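Every number in this text was worked out from the coordinates using simple rules, so none of it is lab data. Since the model is a prediction, treat every value here as computed from it, not as a measurement. In this analysis, Cβ positions are derived from the backbone assuming ideal geometry, glycine residues included, and neighbour counts consider all displayed protein chains.
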Amino acid sequence: MQLVETIAEMRHVAADVRAKDQSIAFVPTMGALHEGHLTLVDEAKRLADVVVMSVFVSVFVNPLQFAPSEDFARYPRTLDEDVKLASGRGVDLLFTPTKEEIYPEYAPVVIVHPGSVGKEWEGAVRPHHFEGVLTVVAKLFHIVMPDVAVFGQKDLQQAAAVKTMVRDLNFPVGILVAPTVREPDGLAMSSRNRYLSPKERELGLKLSKALFAMHDAFVRGERRASALEAIGWRMLERVAGLTPRYLAVVNADTFQRVDNVRHGDAAVGAIRVGETRLIDNIIF
Ligand code: AMP
C-alpha cells in the first residue's frame, strides 16, 4: 500500500492511474478505522474491479466540521493502526494529508453550503457541520479525482448532502451508500464508541433498539410518522444518563420530515450519553 501525504503527489498518482485507463474508487474517512469503514473498502474494491482498480482512503480529521466546543482535539487518531487495517483490507493508496496541507491558510474563504438537506437534524444540532463536510469532500474530490466514492449509511444525512452536492454542482463522481455495519447486539459501529464506558454503551444501545422498534411497527403496517416517532421516543425518554436530541422520520434524499411513511424513507436519531454523541438511522 502506497502512503501519500501531499496534494501534489496525490494528484500525480491519480493522473497516472487515469493515464492507464484505470478507475479510482474513493473512501473518505476521519480515521480511527473500524469494520464499518473497512466494508466501505470492500464495496470500493468491488466497484473498481470492473475496470482495474485503485482504492483511496483519506484519514484526515477535518477541523472545519467541528465546532469549537466539539471533540476535534480528542477525536481518536490511530494512524499506525489505520495503516495496518487499510493495508490488510487491500487499500492501494492511503492519502494522509496534514491539516496544514488541506487548509494552508486554515479557513477557506469559499465554502460549500448544503442548503435545505443540511438544515435540520444533525445540521440543527451542529451548525456549520455540513458546510465543513461538503467543503472538504469537494476539495478531496478535486484532489483524488475518483470515478466513484463510497459513503456509509451510518451518516445518512451526510450521504444525502454529498449526493445533492454532486448533483447540483455536476461533480463527475458516482456516489455509493453502503449499509451500516453494527455490533452483534445492534449498536452501530462508530469511532466514538471507544469513548463509551460499559454503562454508557448499554445506554447507547437504546437508540438502535428504538429505531428497530419503529421499523418493526412499519413492517406491521403503521404508516403514520407521528405514531412511529412516538414508539421510538417512548424508549428514549426518561432514561437516566441519556439525553435524546432528535428522532424523526424523513425523506432519505431531502431530509425533510414526512407525515406518511413510504418504503425508502428513514428514521434518524441522535442521543447523548455522558460526553458522547451517538447517531443512527434505519431505512424503511
Ligand atoms: P467517519 O470517519 O467515521 O466519520 O466516517 C467515514 C465514512 O465511514 C463515512 O462515510 C461513514 O458514514 C462511514 N461509516 C462510519 N461508521 C460506519 C458504520 N458503522 N457502517 C457503515 N459505514 C460507516
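Given Cα positions, please report Rg to Rh for segment 85-180, the hydrodynamic radius being the Kirkwood one.
Values: Rg = 14.1 Å, Rh = 14.6 Å.
Radius of gyration relative to Kirkwood radius: 0.97.
For the chain, a Gaussian network of Cα nodes joined below 10 Å ranks SER69, SER191, SER23 by mean-square fluctuation, and the top entry is SER69.
Could you give the size of the charge dipole of the chain about its Cα centre, using +1 on the Cβ of each K and R and -1 on the Cβ of each D and E, expressed in debye and rounded to the nearest 20? All intermediate terms of the calculation are to be shown ahead of the outcome.
On the way: 33 positive and 36 negative charges, 159 e Å.
Around 760 debye, computed over the chain.
Spatial offset of segment 223-268 relative to segment 103-122 amounts to 26 Å, using the alpha carbon center of each.
If we count every other residue with Cβ under 11 angstrom of GLY88's Cβ, Lys/Arg +1 and Asp/Glu -1, where does the sum land? Mind showing how you got there, number by number?
Values: positive: LYS84, ARG89; negative: GLU81, ASP82.
Combined, the nearby Lys, Arg, Asp and Glu give 0.
Going highest first, how would you order 227-238, 126-137, 205-216 by mean Cβ packing within 10 Å? If you can, show how the numbers build up before the last one.
Working: 227-238: 16.5, 126-137: 21.6, 205-216: 20.0.
By packing density, highest mean first, the sequence is 126-137, 205-216, 227-238.
Rg and Dmax over the alpha-carbon atoms of segment 138-271 stand at 16.7, 48 Å.
Where does segment 239-284 land on Rg(C-alpha)/(2.2 N^0.38 Å)?
Numbers: Rg = 12.1 Å, N = 46, 2.2 N^0.38 = 9.4 Å.
Against the compact-globule rule of thumb, the ratio is 1.29.
The label-point distance for ALA8 and HIS113, in a model that sets each label 7 Å from Cα toward Cβ, rounds to 3.6 nm. Working from label points 7 Å from Cα in the Cα-to-Cβ sense, the THR78 to ASP259 distance is 4.7 nm. Mean-square fluctuations from a GNM of the chain, with a 10 angstrom spring cutoff on Cα atoms, peak among ASP265, ASP168, ASP92 at ASP168.
Restricting to lysines 8 or more places apart or on different chains, can you count the pairs in segment 137-249 with Cα atoms under 23 Å from each other? Going through segment 137-249 pair by pair, I get 7.
Only helical runs count toward this figure. For the chain, summing -39,500 (n - 2.57) over DSSP H runs of n ≥ 4 and dividing by all residues gives -12000 deg cm²/dmol at 222 nm. Helices assigned as whole DSSP H runs in the chain whose Cα atoms extend at least 20 Å along their own long axis and whose mean Kyte-Doolittle hydropathy is -1.0 or higher are found at 35-49, 129-144, 198-219.
Taken over segment 79-140, the alpha-carbon convex hull comes to 129 cubic angstrom per residue. Normalised by 2.2 N^0.38 Å, where N counts its residues, the alpha-carbon radius of gyration of the chain equals 1.01.
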